[in-house]
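A short worksheet on the structure shown next.
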Protein chains: 2
Amino acid sequence: MKSTHLGYGVFDDGRGARVGVRRGDGVLDVAPLAADAGLAEAEALAADTLNPFMALGRASWLRVGDWLAGLDAPTIPLDEVRLLLPFAVADYVDFYSSLHHAENVGRILRPDAEPLVPSWRHLPAGYHGRSGTVVVSGTPISRPHGQRVVAGESTPSFGPTLRLDVEVEVGFVVGVPSALGAPIPVDAFADHVFGLCLVNDWSARDIQAFEYVPLGPFLGKSFATSISPWIIPLHALDAARVPPPPQDPPPAEHLRAAEPWGYDLHLELDINGTVVSRPPFSSMYWTPAQQLAHLTSNGASARTGDLYASGTVSGPQREQWGSLLELGQGDAAAFLADGDVVAIRGSGAGQDLGEVTGRIVGD
Amino acid sequence: MKSTHLGYGVFDDGRGARVGVRRGDGVLDVAPLAADAGLAEAEALAADTLNPFMALGRASWLRVGDWLAGLDAPTIPLDEVRLLLPFAVADYVDFYSSLHHAENVGRILRPDAEPLVPSWRHLPAGYHGRSGTVVVSGTPISRPHGQRVVAGESTPSFGPTLRLDVEVEVGFVVGVPSALGAPIPVDAFADHVFGLCLVNDWSARDIQAFEYVPLGPFLGKSFATSISPWIIPLHALDAARVPPPPQDPPPAEHLRAAEPWGYDLHLELDINGTVVSRPPFSSMYWTPAQQLAHLTSNGASARTGDLYASGTVSGPQREQWGSLLELGQGDAAAFLADGDVVAIRGSGAGQDLGEVTGRIVGD
């Protein structure tokens with residue numbers, strides 16, 4: 001059965017925030033339809049975020065998906081609604097799971113060292129980002145200020161970033177929570193993760209470079225993270241499953257899936273109307289199931305609304321790199337100017353993943 | 001006027017979670033009392049977290065404080081209630097603002113390098129932690145598992161941490177939020193921060209050592225962070241304000257307060273009934289006002305319920321160090337054993353800050 005919808009979101013047509021399902025150029029106002037149909041999920045769908053529905057679990061996600069596939073109902077035109085952040089973000093984690101990206105960045109930032117740190121092939125490296133500054137596509141991005149060492153100077157100064165970058169990523173959204181002390185097995189991924197979205201993990205490279213040793217990225221990232229407005233349920237992307245690249249050394253036992261899979265998603269990075277890169281998600285070294293298993297392997301709990309992003313998606317070829325740091329090889333002129341408009345789009349298995357956009361605003 | 005209460009918390013005596021104010025060995029059931037008194041804050045106090053009250057702002061915090069100081073009402077005995085997490089944690093940030101701690105750790109972990117990284121004296125270094133695993137005092141702490149390189153081995157293995165540590169910290173809780181793109185000035189600290197609590201930032205040093213380059217601490221910290229159950233309003237600690245240590249170089253303009261202050265709080269770290277250290281909070285290099293100004297200096301917004309912790313508090317003397325890593329100088333035998341009970345207590349300006357406790361549970 002081919003899914004006919006793009007995903008779940010939250011919209012406001014002037015009568016308050018409601019859960020919607022995208023269909024073509026319109027939005028299904030899904031809660032009253034679900035109530036009319038007598039669905040057990042109707043109450044959860046009547047919320048102003050996706051969180052209550054996402055918390056119901058896979059059986060509900062599949063049942064509502066089947067119901068939607070057979071549903072014939074009028075839609076509200078997309079240009080008559082405002083799309084809101086689709087879910088309340090609990091914790092936000094950003095991974096670093098593209099081998100090509102990690103090697104590219106290592107070579108640019110630490111040219112005299114091995115590009116990969118010793119732990120990289122043993123675990124999917126990641127860090128916590130700021131969930132309060134995850135914003136929906138279309139939100140203007142104010143150029144952040146911070147302390148950075150300007151070229152030709154020896155001490156830091158405070159001012160607007162001179163190296164504002166994008167990171168093309170895919171984000172995974174947890175629906176079913178887990179208890180403190182109970183790691184999520186790598187094979188339980190699809191029981192916990194509701195769906196995925198596109199992510200632009202905006203990065204101020206000069207602020208990041210000055211601050212990141214030894215505690216990692218902080219203000220160089222925390223000013224904004226943009227996500228696409230439609231969360232695509234995982235079950236709509238089953239046809240996009242592909243085997244991940246081989247892993248050497250073999251992953252530790254708790255990261256070893258019975259049937260490992262990645263997703264064959266085709267992404268594109270568009271700046272001011274020109275596609276500058278086409279990163280292939282199928283090239284990611286660590287899978288989303290391994291990321292979730294790692295994230296909880298120490299006993300940390302997961303909550304409904306947790307968002308974890310893949311890390312920059314970069315393929316082996318230059319035209320597949322997912323950041324301006326890589327595309328410009330560190331050249332200052334390659335970064336974003338005020339007024340630039342960035343769009344990340346994606347598709348997979350005949351599903352349009354939508355897009356995440358943002359325009360850079362100067363002082 | 002001496003404040004007669006220890007702080008605000010959330011308790012359950014079997015009739016549901018409610019806001020309470022500690023008084024001696026009892027808890028004031030504050031919402032019905034506030035309603036009887038006709039306080040405008042009564043509705044916010046009738047919630048099951050402190051968030052709505054904390055969002056009201058400083059005028060309300062002071063008015064309710066004054067009302068409580070003159071209030072004569074019966075309390076519920078502490079031993080008849082369960083204390084819950086007092087607020088819903090939005091984002092959690094952990095700083096690293098003790099000069100003595102940063103130097104001690106640098107010398108132990110990177111003996112061949114300068115103990116302080118170049119940015120340390122320019123900005124209060126920090127990173128985002130996992131807000132979903134902030135737990136209230138008394139919650140058992142399961143020994144986390146993770147990948148670490150065991151002494152005598154050359155490759156990592158997955159297993160229980162062999163170096164489970166504590167970090168004695170003070171946490172600050174944001175009440176009044178800020179907008180995206182609008183940094184909080186360093187002099188606006190007391191308009192945004194409602195109060196403080198004690199924090200034990202549990203740390204698995206071996207997991208942390210293997211993972212922390214280049215993205216910072218992640219699973220070595222995210223398994224649990226414990227906080228004391230009573231949030232002490234800042235206005236109750238005005239008498240504990242002290243000038244912070246001198247800063248060299250002078251801080252950047254946005255970190256320069258008109259009248260900088262730290263807090264003269266006396267902390268103690270107790271393991272299995274023995275006080276092993278007495279860290280002085282007055283020795284912290286970066287102030288809580290500078291931390292909040294830095295945190296939002298890139299335009300990141302703050303939300304009601306944001307928690308930011310000071311970083312390990314260590315004074316100049318050995319008996320003032322706030323972690324077992326420092327107290328044991330890296331010796332494996334110095335870390336926590338299963339069954340150990342850790343308590344951090346604090347006081348300042350005649351106010352008892354309460355305590356945060358946790359017992360280590362093995363497999």
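Output yes when any residue across the range B:55-77 is over 18 Å from B:ILE232 (Cα atoms) and β-branched (Val, Ile, Thr), and no when none is.
Yes, there is a match, as at least one residue in the range B:55-77 is over 18 Å from B:ILE232 (Cα atoms) and β-branched (Val, Ile, Thr).
Within the range B:65-106, which residues are closer than 21 Å to B:HIS128 by Cβ and among the aromatic types (Phe, Trp, Tyr)?
Listed by number, the residues that qualify are B:PHE87, B:TYR92, B:PHE95, B:TYR96.
So, in the range B:163-176, how many residues would count as being more than 12 Å from chain A (Cβ to nearest Cβ), open to solvent by less than 10 Å² (accessible area, probe 1.4 Å) and in contact with a His (Cβ under 7 Å, 6 or more places away or on another chain)?
Result for the range B:163-176: 1.
Here are the criteria: (1) closer than 20 Å to B:LEU336 by Cα; (2) more than 22 Å from the chain's Cα centre (by Cα); (3) crowded, with 22+ Cβ neighbours inside 10 Å. Tell me which single one B:ALA209 does not satisfy.
If we test B:ALA209 against (1) closer than 20 Å to B:LEU336 by Cα; (2) more than 22 Å from the chain's Cα centre (by Cα); (3) crowded, with 22+ Cβ neighbours inside 10 Å, just (3) comes out false.
If I filter the range A:317-327 down to residues being open to solvent by 10 Å² or more (accessible area, probe 1.4 Å) and part of a loop (DSSP other than H, G, I, E, B), which single residue comes out as farthest from A:LYS221 (Cα to Cα)?
A:GLN317
Within the range A:287-317, which residues are out of contact with any Pro (no Cβ under 6 Å at 6 or more places or on another chain) and under 20 Å from A:PHE87 (Cβ atoms)?
A:PRO288, A:LEU292, A:LEU295, A:ALA300, A:SER301, A:GLY305, A:ASP306, A:LEU307, A:TYR308, A:ALA309, A:SER310
Looking only at residues that are closer than 24 Å to B:SER131 by Cβ and of a type in the set (S, T, N, Q) in the range B:219-273, which one is farthest from the other protein chains (Cβ to nearest Cβ)?
It comes out as B:SER228.
If I filter the range A:336-351 for residues that are assigned to a helix (DSSP H, G or I) and of a type outside the set (A, V, I, L, M, F, W, C), do I get at least one hit?
The answer is no; no qualifying residue exists.
What tally of residues in the range B:286-308 results from selecting those that are within 13 Å of chain A (Cβ to nearest Cβ) and either among the aliphatic types (A, V, I, L, M) or not in a loop (DSSP other than H, G, I, E, B) (or both)?
11
When you check A:LEU99 against the structure, is it modelled with pLDDT of 95 or more and closer than 22 Å to A:GLY354 by Cβ, yes or no?
no
Taking the range B:153-162 on its own, how many of its residues are open to solvent by less than 40 Å² (accessible area, probe 1.4 Å) and assigned to a loop (DSSP other than H, G, I, E, B)?
2
Among the residues of the range B:143-152, are any closer than 25 Å to B:ASP331 by Cα, surrounded by fewer than 24 Cβ atoms within 10 Å (Cβ to Cβ), under 23 Å from the mean Cα position of the chain (by Cα) and facing chain A (nearest Cβ under 8 Å)?
No, the range B:143-152 contains no residue that is closer than 25 Å to B:ASP331 by Cα, surrounded by fewer than 24 Cβ atoms within 10 Å (Cβ to Cβ), under 23 Å from the mean Cα position of the chain (by Cα) and facing chain A (nearest Cβ under 8 Å).
Being closer than 21 Å to A:ARG359 by Cα and of a type in the set (A, V, I, L, M, F, W, C) is the filter here; which residues of the range A:260-300 pass it?
A:LEU267, A:LEU269, A:ILE271, A:VAL275, A:VAL276
I'd like to check which helices (runs of 4 or more DSSP H) are fully inside the range A:33-141 and have at least 2 residues that are open to solvent by less than 20 Å² (accessible area, probe 1.4 Å) and within 14 Å of chain B (Cβ to nearest Cβ).
By residue number, A:99-109.
Out of (1) modelled with pLDDT of 95 or more; (2) assigned to a loop (DSSP other than H, G, I, E, B); (3) more than 17 Å from A:PRO279 (Cβ to Cβ), the odd one out for A:HIS254 is which?
Of the numbered conditions (1) modelled with pLDDT of 95 or more; (2) assigned to a loop (DSSP other than H, G, I, E, B); (3) more than 17 Å from A:PRO279 (Cβ to Cβ), the odd one out for A:HIS254 is (2).
For the range B:262-306, what are the residues that are free of Cβ contacts under 8 Å to residues at least 12 places away in the same chain and polar (S, T, N, Q)?
The answer is B:THR274, and nothing else.
Listed here are the residues, each with its yes/no results for (1) surrounded by 24 or more Cβ atoms within 10 Å (Cβ to Cβ); (2) under 22 Å from B:LEU198 (Cβ atoms).
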{"site": "B:SER282", "(1), (2)": "no, yes"}
{"site": "B:PRO288", "(1), (2)": "yes, yes"}
{"site": "B:THR296", "(1), (2)": "yes, no"}
{"site": "B:GLY299", "(1), (2)": "no, no"}
{"site": "B:ALA302", "(1), (2)": "yes, yes"}
{"site": "B:GLY315", "(1), (2)": "no, yes"}
{"site": "B:GLN329", "(1), (2)": "no, no"}
{"site": "B:ALA333", "(1), (2)": "no, no"}
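Hey, A:VAL199 hits all of (1) open to solvent by 20 Å² or more (accessible area, probe 1.4 Å); (2) away from every other protein chain (no Cβ under 14 Å); (3) touching an Asp or Glu at 6+ places or on another chain (Cβ under 6 Å) but one; which does it fall short on?
Among (1) open to solvent by 20 Å² or more (accessible area, probe 1.4 Å); (2) away from every other protein chain (no Cβ under 14 Å); (3) touching an Asp or Glu at 6+ places or on another chain (Cβ under 6 Å), A:VAL199 violates only (1).
Looking at the range B:177-196 only, could you name the residues that are within 14 Å of chain A (Cβ to nearest Cβ) and either assigned to a strand (DSSP E or B) or open to solvent by 20 Å² or more (accessible area, probe 1.4 Å) (or both)?
B:PRO177, B:SER178, B:ALA179, B:LEU180, B:GLY181, B:ALA182, B:PRO183, B:PRO185, B:HIS192
Anything in the range A:335-363 that is touching a Pro at 6+ places or on another chain (Cβ under 8 Å) and either among the charged types (D, E, K, R) or open to solvent by 40 Å² or more (accessible area, probe 1.4 Å) (or both)? List them, or say none.
Those that are touching a Pro at 6+ places or on another chain (Cβ under 8 Å) and either among the charged types (D, E, K, R) or open to solvent by 40 Å² or more (accessible area, probe 1.4 Å) (or both): A:ARG359, A:VAL361, A:ASP363.
Based on what the data block shows, is A:SER277 among the polar types (S, T, N, Q), modelled with pLDDT of 95 or more and touching a strand residue (DSSP E or B) at 6+ places or on another chain (Cβ under 6 Å)?
Spelling it out, A:SER277 is indeed among the polar types (S, T, N, Q), modelled with pLDDT of 95 or more and touching a strand residue (DSSP E or B) at 6+ places or on another chain (Cβ under 6 Å).
Taking the options B:ASP270, B:ASP338, B:ASP331, B:ASP352, name whichever one is farther than 30 Å from A:THR225 by Cβ and within 16 Å of the chain's Cα centre (by Cα).
Only one candidate qualifies: B:ASP352.
Here are the criteria: (1) more than 30 Å from A:GLY220 (Cα to Cα); (2) in contact with a Leu (Cβ under 9 Å, 6 or more places away or on another chain). Tell me which single one B:TYR285 does not satisfy.
Result: B:TYR285 fails condition (1) only.
Name the pairs whose Cβ atoms lie under 7 Å apart, with the first residue in the range A:126-149 and at positive phi, the second at pLDDT below 95 and not in a helix (DSSP H, G or I), and 6 or more positions between them or separate chains?
Qualifying pairs under 7 Å: none.
The values are calculated or read from the model by the stated rules, or taken from the named source; none is laboratory data. Treat the numbers as computed from the prediction; the structure is a model and nothing was measured. Note: ideal-geometry Cβ built from the backbone for every residue, glycine included; neighbour counts use all protein chains shown. When the accessible area is computed, the model is the full protein with side chains, heavy atoms only, and any ligands, DNA or RNA have been set aside. Shrake-Rupley method; radii C 1.70, N 1.55, O 1.52, S 1.80 Å.
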